[in-house]
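Everything below concerns the one structure shown next.
The values are calculated or read from the model by the stated rules, or taken from the named source; none is laboratory data. Being a predicted model, the structure only gives us computed values, none of them experimental. Counting neighbours? That spans all protein chains shown, and the Cβs are built from the backbone with ideal geometry, glycine included.
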Amino acid sequence: MVDRADWRDRRTSPRFDVTLPVRFCSEMLDFETQAEVSGEVSDVSEGGLFVRCDLLEVPGTPVRLMVSMPKPLDQQLPLHGTVAWIADEPPKGPGMGIRLDSPLALQTLQRLSNR
């Protein structure tokens, strides 16, 4: 098991604390068939985010996400990524760390965090 404290030491971009609704699907869950899971993004960075949810996908699983942007934007931000790790118990979990396929711009991060 990898110590997540080591990951924090190696982070190259800042993390933004957020609380945003998110819907996600994977190979097993598909938006088109209305089979999706709701959760909450609790932090986000240029390269990834953490999704609190009860359904935990296996690391390596590709996922599609629709993050609800905060007011006054009221838009959906579509993202693609891969499950990097899971946390199945508090204080962090249950949830999944998602590595994004494309990095988020600083401006997008600031809009997500209302900064």
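Quick notes
- Just one of (1) out of contact with any helix residue (DSSP H, G or I) (no Cβ under 7 Å at 6 or more places or on another chain); (2) at pLDDT below 90; (3) farther than 12 Å from VAL51 by Cα; (4) surrounded by 12 or more Cβ atoms within 10 Å (Cβ to Cβ) fails for PRO90. It is (4).
- If you go through the stretch 56-115 and keep only what is among the polar types (S, T, N, Q), touching a residue at least 24 places away in the same chain (Cβ under 8 Å) and within 16 Å of SER38 (Cβ to Cβ), you end up with just SER68.
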